[in-house]
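Here's the structure we're looking at; comments come further down.
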Amino acid sequence: MPVYLESENIITSLGFSVEENLKAMGEGISGIRMCNNPALSDQPFPVSLVDKNRLDAALSGFSLPDDSTFGKLVFLSVREALKGSSVDPSDPRTVFILSTTKGNIELMRGKGSNAGNSRLLLWHSAEQIRRYYGNPNKAIVVSNACISGLLAMIAGQRLIKNGDYDHAVIVGADVVSKFIVSGFQSFLSLSTNPCKPFDRDRDGLTLGEGAGTVVLSNRRPDRKTVIELVSGASANDANHISGPSRTGEGLFIALKQALKGIVEDPGFISAHGTATPFNDDMESIALTRAGLAHIPANSLKGFIGHTLGAAGIIESLIGAGCLSENMMLKNMGLQHQGLVNALNTPIENLKQPFLTFVKTASGFGGCNAAALFRKHE
Amino acid sequence: MPPHYFASMNNPVIRKYVSVDKRSVKVNGTDLLLNEQGADFGEFMKQIYHACSISYLKFFKMDPQSKLGFVAAKILLQDDDRDRFEPEEKAIVLANSASSLNTDEKYFESINDIPSPAVFVYTLPNIVAGEICIHHNLKGENTFFIQEEFDIQFMVSYLNILFSTTNTRKAIAGWVEVDLDDNYRAFLMDVEKEGSSEIQGNFTVDFIHQIFKL
Amino acid sequence: MEELKEKLKVQLIAQLNLEDITPEDINSSDPLFGEGLGLDSIDALEIIVLLQKEYGIKIEDTKKGKEIFQSIDTLAAYITENRK
């Protein structure tokens with residue numbers, strides 16, 4: 001039983017829909033700007049932020065279950081995705097899934113004043129949104145570092161394929177906060193300029209915020225071109241909690257398992273490509289081990305930064321949009337490739353027929369995930 | 001002790017289970033170690049570490065949640081034959097309610113001074129899974145779920161999907177949490193797809209409800 | 001210098017949570033990373049925090065850190081040259 005991408009929405013610095021994001025990215029526009037906000041960092045740093053005025057304007061008149069930035073992103077993204085969907089969110093055959101790394105962490109205060117704050121609990125955020133839509137099933141929350149979004153989609157696909165549900169409303173969101181910025185700064189992993197995935201001069205990642213929602217369904221959407229989430233897998237490096245594996249072990253296993261039984265080469269690869277020196281090298285090793293080094297690969301981080309728990313969903317939906325339009329986006333920010341193993345990383349958009357693509361993600365804790373998407377016309 | 005269960009060879013089974021809370025460490029429902037002096041968390045973890053003759057310097061760098069999951073997994077897998085399955089056939093699926101909030105609060109306190117990278121890295125719930133994977137060479141499926149309380153029905157359902165549709169043949173599954181009030185509980189099961197010579201019971205919702213409460 | 005080295009050993013043990021290791025166990029000329037103390041990339045970042053906290057020295061380039069963090073000897077020499 002195939003599982004389809006039934007409806008979707010994304011909210012990033014580049015726009016409030018998949019179409020708006022695709023258009024900007026297609027024109028080579030990046031949403032990364034230098035930010036000089038002491039509430040986020042003492043020094044100016046490049047970052048991809050959602051337009052908060054536009055977010056508020058889009059939500060005026062609603063009584064929100066949670067009025068934090070995180071709550072707003074989740075609410076608007078789900079609402080927009082459901083607008084274009086034939087799935088009934090209150091149907092007992094529908095399940096809500098939330099993916100996030102830090103949820104409402106910007107509401108955290110000093111020691112002792114957090115224990116009673118239910119908004120800090122990720123399951124509580126998920127429960128709020130499914131209750132708002134009158135859904136009778138307990139919401140599922142996946143919080144597995146930077147693979148959360150892709151893993152949430154894989155989990156949703158599995159639950160539908162297994163017959164537990166017919167539809168899943170999967171939303172991923174993360175907000176750029178001082179908590180996250182200072183942490184990556186302490187890791188010396190933030191780039192000084194907009195990040196440059198796969199480039200020889202890459203010096204770190206650029207953070208981004210946003211939300212993505214996808215409605216997965218076993219019902220084939222009523223339109224000419226549809227995208228199927230064919231398969232997915234996750235795996236662990238079993239090597240180090242923060243350092244990428246030097247052998248690409250976990251990503252290689254995830255790719256191998258996700259593509260098991262698939263004979264044709266994928267059309268393109270939407271890689272993780274954070275632009276830290278070690279991550280991108282790790283990916284080049286894993287893709288080479290998986291026999292995929294020749295497949296065109298891109299990272300979307302140069303357009304919208306690393307959106308953490310939302311990244312897997314946002315980037316999968318951009319990939320699906322590209323598949324529909326028979327195009328592949330360039331690697332924004334890449335000038336001169338510099339990787340342990342050479343990859344095929346286009347620096348111009350490709351216009352050609354594509355039937356499938358692979359999305360990958362890797363994160364702290366040594367986790368990795370990969371999923372295959374296929375177009376049906 | 002749970003009643004004797006007849007375990008089917010065709011359905012997933014629980015080879016062993018371990019529970020750790022502030023009172024005791026239990027293996028298959030039987031006390032292994034009691035916290036008789038009412039030692040605080042750090043002290044109790046150290047006692048378990050020494051009682052189980054663990055020698056792993058990285059243990060002392062872990063945050064409380066990782067320490068808790070690490071000792072529980074260590075006891076769970078101490079007698080397990082590593083080579084029966086390929087690393088990529090061994091999954092880990094964990095859950096808790098408080099994510100990493102206990103360590104998040106500690107990290108938050110450090111931000112206005114000098115943020116600590118060694119604390120920041122633990123501000124994700126799945127790091128404990130990573131620590132367990134590293135020590136026991138588990139390279140299979142990985143997922144951390146956040147739930148109001150341990151959703152046994154869901155855990156059984158999700159693991160059965162892994163067993164039936166992925167390469168997974170063994171899974172470390174359960175609950176690991178240190179919450180904002182410093183309450184803690186670990187409950188880990190070693191679940192195998194095809195049965196094992198040593199079995200505590202079938203991997204069913206009813207059985208897990210019994211042993212989780214013990 | 002010897003005094004600084006001894007102080008550094010104590011500070012390192014505390015900052016990096018080196019359980020069951022005493023200052024006497026650390027040889028000033030021994031490599032800090034690799035086998036010995038079992039330090040890794042996160043420990044390197046924590047040494048950067050320690051230098052900033054205790055000696056007001058900021059290191060923003062990890063490559064530079066590699067040379068400075070070779071041993072207690074190199075670390076002490078760097079601090080002596082750069083402390084404020």
Under 13 Å Cα to Cα from A:LYS256, which aspartates and glutamates show up? Leave out anything in the same chain fewer than 8 places away.
-> A:ASP265, B:GLU88, B:GLU89, B:GLU141
CD proxy, 222 nm, chain A: helix-only mean residue ellipticity via -39,500 (n - 2.57) per DSSP H run with n ≥ 4, per residue, nearest 500, stands at -8500 deg cm²/dmol
Using amide H atoms built 1.01 Å from N in the peptide plane, name the residues 5+ places from B:ASN142, or on other chains, whose amide H lies under 5 Å from its own.
-> A:SER234, A:ALA235, B:ILE92
Once normalised by the length of chain C, the mean sequence separation of its alpha carbon contacts under 8 Å that are 6 or more apart gives a contact order in percent of 35
Express as a percent, rounded to the nearest 5, the fraction of DSSP beta bridges in chain A (both residues included) that run antiparallel.
-> 70
Separation of the C:LEU4 and A:ASN193 label points, Cα + 7 Å toward Cβ, nm = 3.7
Any idea how far apart B:GLU109 and A:GLU348 come out in nm if each label point goes 7 Å out from Cα toward Cβ?
-> 5.8
Given B:PRO87, A:ILE285, C:ILE47, which one lies farthest toward the positive end of the charge dipole of the protein assembly as shown, if we put +1 on the Cβ of every Lys and Arg and -1 on the Cβ of every Asp and Glu?
-> A:ILE285
Distance violations [Cα-Cα > 22 Å] among B:LYS16/B:LYS193; B:LYS58/C:LYS63; B:LYS67/C:LYS53; A:LYS330/A:LYS359; B:LYS193/B:LYS213; B:LYS16/B:LYS67 | B:LYS58/C:LYS63; B:LYS67/C:LYS53; B:LYS193/B:LYS213
Using Cα positions and a limit of under 17 Å, work out the lysines in reach of A:LYS72, with same-chain residues fewer than 8 apart set aside.
-> A:LYS52, A:LYS83, A:LYS102
The distance between the Cα centres of the stretch A:99-166 and the stretch B:68-104, in whole Å, is 22
Scan of chain B for GluC sites (Glu not before Pro) in DSSP loops with at most 16 other beta-carbon atoms within 10 Å gives a longest site-free stretch of B:37-147
Note down the relative contact order for chain A as a percent, whole number, built from C-alpha pairs under 8 angstrom at least six residues apart.
-> 24
Pull out the extension gain between A:ASP201 and A:ARG131, defined as 0.36 nm times the separation in residues minus the alpha carbon to alpha carbon distance; nm, one decimal.
-> 20.4 nm
Among A:ASN331, A:GLN352, A:ASN114, the residue whose Cα sits farthest towards the positive end of the charge dipole of the protein assembly as shown (+1 at Cβ of Lys and Arg, -1 at Cβ of Asp and Glu, taken about the Cα centre) is A:GLN352
Starting from the Cα of B:HIS50, step 7 Å along the direction of its Cβ; do the same at B:ASP21; then give the gap between the two resulting points in nm.
-> 2.6
Reachable aspartates and glutamates from B:LYS22, Cα under 17 Å, same-chain residues fewer than 8 places away excluded?
-> B:ASP31, B:GLU36, B:ASP40, B:GLU43, B:ASP63, B:GLU177, B:ASP179, B:ASP181, B:ASP182
For chain B, calculated [θ]222 nm from helices alone, where every DSSP H run of n ≥ 4 adds -39500 (n - 2.57) | -10000 deg cm²/dmol
Work through the residues other than A:THR307 whose Cβ is under 10 Å from its Cβ and net out their charges, Lys, Arg +1 and Asp, Glu -1.
-> -2
In whole angstrom, note down how far apart the Cα centers of the stretch A:314-377 and the stretch A:239-283 are.
-> 12
So for chain A, using the alpha carbon gyration tensor with a ≥ b ≥ c as root eigenvalues (a/c under 1.5 gives rounded; past that, a/b versus b/c decides prolate or oblate), I'd call it rounded
Three-way shape call for the stretch C:2-82 based on the alpha-carbon gyration tensor, with the a/c threshold at 1.5 = rounded
Collect residues whose amide H, placed 1.01 Å from N in the peptide plane, falls under 5 Å from the amide H of A:PHE96; neighbours closer than 5 in sequence don't count.
-> A:ILE140, A:VAL169
For the C:GLU60, C:SER28 Cβ pair and Förster radius 22 Å, calculated FRET efficiency rounded to 0.05 is 0.25
Which residue fluctuates the most in chain B, going by a Gaussian network model with Cα springs under 10 Å, if the choices are B:PRO125, B:PRO115, B:PRO64?
-> B:PRO115
Could you go through the stretch C:34-42 in sequence order and give the Karplus-derived ³J(HN,Hα) for each residue, using 6.51 cos²θ - 1.76 cosθ + 1.60 with θ = phi - 60°, rounded to whole Hz, and x for Gly and Pro?
-> x, 3, x, 8, x, 6, 9, 5, 5
Nearest-20 debye value, the stretch B:13-213 charge dipole, Cβ charges on Lys, Arg, Asp, Glu = 500
Most mobile of A:SER125, A:SER85, A:SER217 per a Gaussian network model of chain A (Cα springs, under 10 Å)?
-> A:SER85
Enumerate the calculated ³J(HN,Hα) couplings along the stretch B:25-38 in order (Karplus 6.51 cos²θ - 1.76 cosθ + 1.60, θ = phi - 60°), each rounded to whole Hz, writing x wherever the residue is Gly or Pro.
-> 10, 10, 10, 6, x, 10, 4, 9, 8, 9, 8, 5, 7, x
Taking amide H positions as placed in the peptide plane 1.01 Å from N, state which residues far from A:ALA297 in sequence (5 or more) or on other chains have amide H under 5 Å from it.
-> A:ILE269, A:ASN344, A:THR345
Derived scalar couplings ³J(HN,Hα) [the stretch B:78-92; Karplus, 6.51 cos²θ - 1.76 cosθ + 1.60; whole Hz; x for Gly, Pro] | 4, 9, 8, 7, 4, 8, 5, 10, 6, x, 6, 8, 10, 9, 9
With springs connecting C-alpha atoms under 10 Å apart, model chain A as a Gaussian network and identify which of A:VAL50, A:VAL176, A:VAL340 has the largest mean-square fluctuation.
-> A:VAL340
Cα-only Debye scattering, the protein assembly as shown: base-10 log of I(q)/I(0) at q = 0.07, 0.08 Å⁻¹ = -0.43, -0.57
Antiparallel content of DSSP bridges confined to the protein assembly as shown, in %, to 5 | 70
State whether the stretch A:4-217 is rounded, prolate or oblate according to the following rule on the C-alpha gyration tensor (a ≥ b ≥ c being the square roots of its eigenvalues): a/c under 1.5 gives rounded; otherwise a/b larger than b/c gives prolate, and the remaining case gives oblate.
-> prolate
Over chain B, one equal point on each Cα, no solvent: what is log10 I(q)/I(0) by the Debye formula at q = 0.11 Å⁻¹?
-> -0.50
FRET efficiency estimate (nearest 0.05) - Cβ-Cβ, A:ASN162 to A:ALA57, R0 56 angstrom = 0.85
Where the only charges are on Cβ atoms (+1 Lys, Arg; -1 Asp, Glu), what is the dipole of the protein assembly as shown about its Cα centre, to the nearest 20 debye?
-> 1380
DSSP-defined beta bridges in the stretch A:4-217 - what % are antiparallel, rounded to 5 | 60
Name the residue farthest towards the positive end of the dipole of the stretch A:226-376 from the options A:ALA369, A:PRO266, A:ASN298, assuming +1 on Cβ of Lys and Arg, -1 on Cβ of Asp and Glu, about the Cα centre.
-> A:PRO266
At R0 = 51 Å, FRET efficiency that the Cβ-Cβ distance of A:HIS376 and C:GLU81 yields, to 0.05 = 0.15
Note down the magnitude of the dipole of chain C about its Cα centre, charges +1 on Lys and Arg C-beta and -1 on Asp and Glu C-beta and zero elsewhere, to the nearest 20 debye.
-> 520
Cα centroid of the stretch B:107-135 to Cα centroid of the stretch B:136-214, whole Å | 24
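Values in this text are rule-based calculations from the coordinates and carry no lab data. Just so it is clear, the model here is predicted, and its values are computed rather than measured. FYI the Cβ positions are ideal-geometry reconstructions off the backbone, even for glycines, and counts take in every protein chain you see.
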